[in-house]
């Protein structure tokens with residue numbers, strides 16, 4: 001007999017494991033779940049930035065962008081970048097006068113986003129680095145087990 005807490009923990013562990021397997025296989029569902037998690041992080045950063053810009057300046061939005069670059073395919077990454085651009089623009093404009101430092105931050109973020117999207121569009125497999133490597137390792141293991 002197992003306790004309810006143990007059953008709940010086991011069910012949660014199976015759900016997380018299934019989600020990770022779906023992400024590693026590159027399924028649309030797995031990509032959307034990862035995108036939703038990163039968008040949630042982006043929304044949290046946006047809320048903190050609107051509340052107090054000094055605690056979360058525009059440079060804080062690089063974290064979700066870098067996570068997206070590592071974990072997402074190209075088109076989900078484009079949607080994340082679009083949302084991040086909107087959030088960044090709103091937080092900077094919400095602060096009032098555009099100072100030289102804020103304008104420079106916006107320009108640097110635009111350059112960074114351009115580089116991120118360029119790099120993501122050049123991926124031959126259409127998969128981000130870690131995901132593509134995981135699929136190749138899985139393919140190698142399958143081929144070895146069949147021979």
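Values in this text are rule-based calculations from the coordinates and carry no lab data. The structure displayed is predicted, hence computed values, not measured ones. Note that we place each Cβ from the backbone using ideal geometry, even for glycine, and neighbour counts take in every protein chain shown.
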Original post:
What ranking of 77, 67, 115 emerges when the number of other C-beta atoms within 10 Å of each C-beta is taken as an exposure proxy, fewest first?
Top reply: 115, 67, 77
Original post:
If R0 is 25 Å, what FRET efficiency do you get for residue 52 and residue 90 from their C-beta distance, rounded to 0.05?
Top reply: 0.95
Original post:
Relative to the longest principal axis of the chain, what angle (0 to 90°, nearest 10) does the C-alpha long axis of helix 62-71 take?
Top reply: 30 degrees
Subject >> region 28-44 residues near the modelled residue 123 label - backbone nitrogen below 17 Å, point 7 Å along Cα→Cβ >> reply: 28-39
**OP:** On a 0 to 90° scale, report how tilted helix 100-121 is relative to the longest principal axis of the chain, with both axes built from alpha carbons and the result rounded to the nearest 10.
**Re:** 30 degrees
Subject >> Relative contact order for region 31-147, counting Cα pairs under 8 Å that sit 6 or more residues apart, in percent >> reply: 30 percent
Original post:
Helix 129-146 versus the longest principal axis of the chain: what angle, 0 to 90°, nearest 10, using Cα atoms?
Top reply: 10 degrees
Original post:
Once label points are set 7 Å from the Cα along Cα→Cβ at both residue 59 and residue 13, what is their separation, rounded to one decimal in nm?
Top reply: 4.1 nm
Subject >> Cβ-Cβ FRET estimate between residue 108 and residue 36, R0 fixed at 25 Å, reported to 0.05 >> reply: 0.35
**OP:** Kindly give the semi-axes, whole Å and largest first, of the ellipsoid equivalent to the chain, taking each as the square root of 5 times a Cα gyration tensor eigenvalue.
**Re:** 35, 23, 9
